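Notes follow the structure.
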Amino acid sequence: MNSSKSSTVATPLAQSRVAERVRTGYRTKTRTALAAHGQPYVWLAGGMLALSLAMILGLLTLILVRGTGTFWPAPVIQVEMVDGRIHMGEITRHSSYVPREELLLALPAQAMGAARALLAAQDGVSERFLIRTGNFELTQEHFNWVSDFAINSTSYPQWALLFERQEWGRFYGMPEAFLIDGERVATTPAEVWGKLNEHHRDVRRRWQERRALETHEIGKINYALEQARLQVRGAELAVEAAEGRDGKGSPAQQKALLHLGAAQAGLAQLSVEADAEYGRLRGEINRINQENARFEILVTTADGRERALPLAQIVRAYTPNQLSLGEKFGIYFDRWLEFLRDDPREANSEGGVFPAIFGTVVMTLIMSICVVPFGVLAALYLREYAKAGPMISTVRIAVNNLAGVPSIVFGVFGLGFFCYLMGGTIDQLFYSAKLPSPTFGTGGILWASLTLALLTLPVVIVATEESLAAVPSSMREGSYACGASKWQTIRRIVLPRAMPGIMTGMILAMARGAGEVAPLMLVGAVKLAPELPVDGYAPFVHLERSFMHLGFHIFDLGFQSQNSEAAVPMVFSTTLLLVAIIALLNIGAILLRNRLRRKFMTSQF
Amino acid sequence: MQLNQTQVTTNGSPELLKKRSMDGRLKAIAAGEWFEPAVHPDLKQQDVVLEITGFNLWYGAAQALFDISMTIPKGKVTALIGPSGCGKSTLLRSVNRLNDLVDSVRISGDMKLNQDSIYARGVDVIELRKRMGMVAQKSNPFPMSIYENVIYPLRIDGVRDKAMLDEVCEKSLRGAALWDEVKDRLQQSALGLSGGQQQRLCVARAIAAEPEMLLMDEPCSALDPIATSKIEDLIDQLRGEYTILIVTHNMQQAARVSDNTAFMYLGQLVEYSPTRTLFQKPQLTETEDYISGRFG
Ligand SMILES: Nc1ncnc2c1ncn2[C@@H]1O[C@H](COP(=O)(O)OP(=O)(O)OP(=O)(O)O)[C@@H](O)[C@H]1O
Ligand SMILES: [Mg+2]
C-alpha cells in the first residue's frame, strides 16, 4: 500500500524533471569535461613515449660518446709523487674520495703538512686520477691511481713517447737512442724520432711478410700434411672395416691394404717435401727476423730504467705532447681502421675486432638465409593450406610462446641437437678419419646460425602469417578466375604481395639474432678464432669452424679480461660497432623492403 | 489459393498478370513461394553457350539461389539485374565455380558450358576456369607489371614463347581499349594505373586467353562516368566476338549494353527477355515496377 502511494507521489515529480530536461535540452554543461577530451590520457601516453625515447637516446648517447672517445690520443702526463716515485702515462679517469688516515700517515713526514692543508681546503675530499702507466714487464702494473695530496709536481714532457706494442701493452718513455746493430746512430730525441719514423715502416712491412709466411705458407703445408694423414687414417679404417666384414686375407681387405700402402707412401713423400719446404721457409723467416732485429730504440722510463724496444714489436709510436690537431685525427682514424681491420692482440683488449665483425655478419646472414624459407613455408602451410581448427590454433599459440623461451634454452638445445646429434652423426659418416677430434660435432658457425634461426623462427612465422592474411581476397579470386591453381596463386600473387611483410619479419629476426649472445656461448662463439669461416683454402667456406662474435666479444672484454681497465673503453667501442652493424644490416633490409613495396604495393585511387 | 492460381497462369497470358496487384508476385517470393520464370519465347531458339538447369545454391543452411534455369545465347550480352542481395553475384560466381572457395557452399542442379557439364563429378575446375574470363566489381590487378598482368592466364598455362606473349598482350590491351594509354609503360607496375585503367586492364586479362565466355560483376560500380562509358563502349565492341554475362545495378547501363536481360529477385529468376522487350513491354508488372524504380 505504502509503496504504491509513494510511487504515485514520485511519478509526477519525475515526470516534471524529465519534462524540464526535455525543455532545456539534455545538455546542461557549457564545457566538455576534461576526461571527455581525453587530455590526461594524451599527456600520459606522450609522457610514456618521451620516457622511452629518453632512455633509448641516453643509452645511445652513452655508447656513442664513450665508444667514439676510446681512440682519441690523450696527452702523456708525468707525475712526481711526494714519496719520490714518478709516474708517466695517460689519465683515463678520475674520481673524488675521502682518503683514510693511514694513507696520510704513509706519506713522508715533510709532505704531510702540505697534504693535510690541501685536504682541509677541499673539505677532506681528495681527487684521484687513474693513470695508464703501461710498461707492464717492468712494473707488473698497467694502471696506477694517484691522489692529489700525494702529488709533488706534474709536467707534460715534450719528448714523451707512447708505444703501442705487439705484446705487453703500451710503453711510455723518453727516447734515449736509436740502435742499429747495437750501435747508437742517434741520441738526441728529435734524431731518434726521425730515425724511428725512417725505419719503422720497412721493419713493420717485413714483420707482416714474416707473419704471412708463418700463417699462410706454413699453414698450407700443414694443411696438405693433415689431409695426407687423414687419408692414411681413412685407409686404415677401411682396412679394419674390410677385415671385420670379409675377414683377413679377403680380396676386399687386400685391396684396402693396397690403398693404405699408397696413402702411406704419399704421406711419406709429402713429409719429405714438406721438410724441405719447412727448411726453406724457416731460413726465410730467420733472415727477416735477423734483419728486423738490427733495429731497436732505447727508451728511458720515467723512473729512470732503460729498455731497448725492437722496432718490429712496435705497432704504433707517437709523441703525444707534440701532436697537432690534424695528427691527432690521423692517429684517431688510424686506430679505428686498425680496430675494424685487424686481429685482436693482448687477450682481445687491444688491436682489432675484424674476426668478430666477420663472424657476426656471416652468422647473421646464414641465420637469415635459413630462417626465412623455414618460417615462410611454415606460415604458408598454417595460413593457406591447413584447415582452421583447434589443432591449428594450438600450433599457432605454441609458435608464439616459442618466442618467450629463454634464449639460453635454445643454446642448450642447439648444443645437444645440432652439435652432438647432427654434428656427431656427420662426423661418423664423413669425417671418421679425424675422430676422436670433432669436425662438425662441436660448436661452429653453422650450428650457431641454425640455433639462432630456431630462436627467431616465431618472429618470421608471425610476421609472414600477418602479411599473408593481409593479401586482399579479391586478388586471390582474380587469380583463381584466370584458372590458376592454388599453388600458382600463392607463388605468383600471394607471396610477392606479402613479400614486404615477410621482409619485415626478416628484419626483426635479424635484429633479434644479431644481438643474441647467451646461446652462442654454447654453440660455437669463442674468445679467439683468427681462422675465419671463409678463407682461401678449399672448400673456402668452413661452416664447422668456431667463430668470434661481437656480442660475445663484449662480454669477454667486459668481464673476462685480465686488464679490465684497458678493456672497458673497448667494450664501448665494440658495442658501438655492434649497434652500427645491426643498424646497417637493418637499413639494408629496409631498403630492400621498400623497393619491393614500391614494386608490389603502390596503388592510387 | 490465389497464389496457386498465379502459378498456373504464369506461362499462359501475360496480360492477365499485368492486371494483378503491384508487386504481388515479389511479396509471394519473399514469403517463400516459387514461381516459374517468365522467359521470352525468342530466347529459346538461340545458339546456347551456357545452359543452366535447375540450379540451387545454399550458403550453409540459407538458400541463395532457387531452381534457376536459363540459357545464355552465344555472342550476346546478357545482363543480370535485381535488387541487392538477390543472388546475381552468386549466380555469376557459380558459373566459373568460384563459389567452391567458400567452404559452406552446397549446390544442386547443373550448368553446361558448350555442352560440357560444369558441376559433374571429375570436372577439372582449373581447366574449366581457363575457358572463362572474369571481371570483378572492384578492379583487382595483380602486384606485377602491366605486361605480366595481361598475360597472366598464359603464364600459368606455361606459355614461354615471347613473341606469342607479346602478341597476346598487345591484342588484349587493344581489345580492352587500353593499348594507346599503356603501350610505353608495359613494364611498370599495374598498380600505378588509374582505377578505370585498372578495370580495363582486368578486362584485357580476362580476354587474353580467348575465353568462351566473359563474366562481369558490376564492372563499372567503382568508376566515374567517363571510365564507365569507356567500359560500356568496350562491351559494345566485344559483342558478337564474346559471350558476355554482366551483372549491373544500373538500369540504363543494362538497357544500353545488353541484348537480353534477366531480372532476379531473392534468388529466383523472375523474368528473362530481350532487353528491348523487358524495358519497354515487360511481361510482368513487377519487372516494370522494378525497372521504373517504383519498387525498391
Ligand atoms: N560467402 C557467403 N556466405 C554466406 N552468405 C553469402 C555469401 N555470399 C553471399 N551470401 C548471401 O547470398 C545472398 C546473395 O548474395 P549475392 O552476393 O549473390 O547478392 P548480389 O545480388 O550480388 O547483391 P549485390 O547487388 O549487393 O552485389 C545474400 O543474401 C548474401 O547475404
Ligand atoms: Mg554482387
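The values are calculated or read from the model by the stated rules, or taken from the named source; none is laboratory data. Everything numeric in this text was worked out from a predicted model, so none of it was measured. Methodologically, a virtual Cβ is constructed for each residue, glycine included, from the backbone with ideal geometry; neighbour enumeration extends over all protein chains shown. We work out accessible area using only protein heavy atoms, side chains counted, and drop any ligands, DNA or RNA first. Shrake-Rupley method; radii C 1.70, N 1.55, O 1.52, S 1.80 Å.
Quick notes on this one:
- Taking B:L278, B:L80, B:L191 as the candidate residues, the one with maximal mean-square fluctuation in a Gaussian network model of chain B, Cα springs under 10 Å, is B:L191.
- Dipole orientation for segment A:183-322: of the candidates A:P310, A:Y278, A:V299, A:V299 has the Cα lying most toward the positive pole (charges on Cβ; Lys, Arg +1; Asp, Glu -1).
- Unit charges at the beta carbon, dipole of the protein assembly as shown: most positive-side option, A:H216, B:V95, B:T248: B:T248
- Phi-based couplings in Hz for segment A:370-381 (Karplus 6.51, -1.76, 1.60; Gly and Pro marked x): 6, 6, 5, x, 3, x, 5, 5, 4, 5, 4, 5
- Peptide-level mean, for B:94-104, of C-beta atoms on other protein chains within 10 Å: 2
- Sorting A:298-308, A:435-445 by their mean Cβ neighbour count within 10 Å, with the most densely packed peptide first, gives A:435-445, A:298-308.
- The magnitude of the dipole of chain B, with charges of +1 and -1 set on the Cβ of Lys/Arg and Asp/Glu and taken from the Cα centre, is near 280 debye.
- Surface listing: A:H549, B:H249 arranged by accessible area from highest to lowest gives B:H249, A:H549, probe 1.4 Å.
- C-alpha center-to-center spacing [segment A:190-206, segment A:468-539] in angstrom: 53 Å
- The protection proxy used here, the mean number of other Cβ atoms lying within 10 Å of each residue, ranks peptides B:265-276, A:324-335, B:170-181, A:64-75 as follows, highest first: B:265-276, B:170-181, A:64-75, A:324-335.
- Site pair A:R205 and A:R282 shows an inter-label distance of 2.9 nm when each label is modelled 7 Å from Cα along Cα→Cβ.
- Mean per-residue shielding of peptide A:484-495 is 3, counting Cβ atoms of other chains within 10 Å of each Cβ.
- Rounded, prolate or oblate (a/c below 1.5 giving rounded, otherwise prolate when a/b exceeds b/c) for segment B:117-243 by Cα gyration tensor: oblate
- Under 5 Å between amide hydrogens, built in the peptide plane, is the criterion, and for A:L543 it picks out nothing among residues at least 5 positions away or on other chains.
- Rounded to the nearest 20 debye, the dipole size of the protein assembly as shown about its Cα centre is 3160 debye, using +1 on the Cβ of Lys and Arg and -1 on the Cβ of Asp and Glu.
- Over chain A, Cα pairs under 8 Å with separation of 6+ residues give a relative contact order of 13 percent.
- Dipole of segment A:183-322, positive end: most advanced residue of A:A238, A:A256, A:P320 [Cβ charges, Cα centre]: A:P320
- Estimated translational D of segment A:198-318 in µm²/s (Stokes, Kirkwood radius over Cα pairs; 25 °C; 0.890 mPa s): 134 µm²/s
- Dipole magnitude of segment A:183-322 about its Cα centre (Cβ charges: Lys, Arg +1; Asp, Glu -1), debye to nearest 20: 240 debye
- Summarising the amide proton neighbourhood of B:G109: residues at separation of 5 or more, or on other chains, whose placed amide H is nearer than 5 Å comprise B:N56.
- Each residue of segment A:225-234 was assigned a 3J(HN,Hα) from its phi angle through the Karplus curve 6.51 cos²θ - 1.76 cosθ + 1.60 (θ = phi - 60°); the sequence is 4, 4, 4, 4, 4, 5, 5, 4, 4, x Hz, with glycine and proline shown as x.
- Using θ = phi - 60° in the Karplus curve 6.51 cos²θ - 1.76 cosθ + 1.60, the 3J(HN,Hα) couplings for segment A:408-420 round to 5, 5, 4, x, 4, 4, x, 4, x, 7, 6, 5, 6 Hz; x is entered for Gly and Pro.
- Other-chain or far-sequence residues with amide H under 5 Å of A:R345's (modelled H): A:E350, A:G351, A:G352
- Note on B:132-138: average number of Cβ atoms from other chains within 10 Å of each residue's Cβ is 3.
- With 32 Å as the limit on Cα-Cα distance, the pairs of B:K76/B:K171; B:K44/B:K162; A:K486/B:K27; B:K88/B:K281; A:K387/B:K88; A:K387/B:K171 that go past it are B:K44/B:K162; A:K486/B:K27; A:K387/B:K171.
- According to the Cα-based calculation, Rg over Rh for segment A:362-549 is 1.07, with Rh computed by the Kirkwood formula.
- Bridging of A:K255 to aspartates and glutamates at a Cα separation below 18 Å is possible for A:E236, A:E240, A:E243, A:D246, once same-chain residues fewer than 8 apart are set aside.
- Each 10 Å bin, from zero up to the one with the longest distance, holds this percent of the alpha carbon pairs of segment A:446-549: 14, 29, 23, 19, 12, 3.
- With an a/c value of 1.5 or above and a/b not larger than b/c for the gyration tensor axes a ≥ b ≥ c computed over the alpha-carbon atoms, segment A:384-433 is described as oblate.
- log10 of Debye I(q)/I(0), alpha-carbon scatterers only, for chain B at 0.07 Å⁻¹: -0.28
- Net +/- balance of residues flanking B:V123 in space, Cβ distance below 9 Å, scoring K and R +1, D and E -1: -1
- Normalised convex hull volume, segment A:77-156, alpha-carbon set, Å³ per residue: 93 Å³
- Segment B:137-207, relative contact order in percent, only Cα pairs under 8 angstrom and at least six apart counted: 54 percent
- Subtracting the Cα-Cα distance of A:Y381 and A:S437 from 0.36 nm times their residue separation leaves 16.1 nm of extension gain.
- Charge context of A:V460, other residues only, Cβ under 12 angstrom, K/R +1, D/E -1: -1
- Overall form of chain A: oblate. Here a/c, set by the Cα gyration tensor axes a ≥ b ≥ c, is 1.5 or more, and a/b is not larger than b/c.
- Summary of packing: across the peptides A:94-102, A:371-379, the per-residue average of other C-beta atoms within 10 Å ranks them, highest first, as A:371-379, A:94-102.
- Summed residue charge, Cβ within 10 Å of B:K88's Cβ, Lys/Arg positive, Asp/Glu negative: -1
- Full extension of the chain between A:T139 and A:F540 yields a length gain of 139.8 nm, computed as 0.36 nm times the residue separation minus the alpha carbon distance.
- Rounded to 5, the percent of DSSP beta bridges in the protein assembly as shown classed as antiparallel: 80 percent
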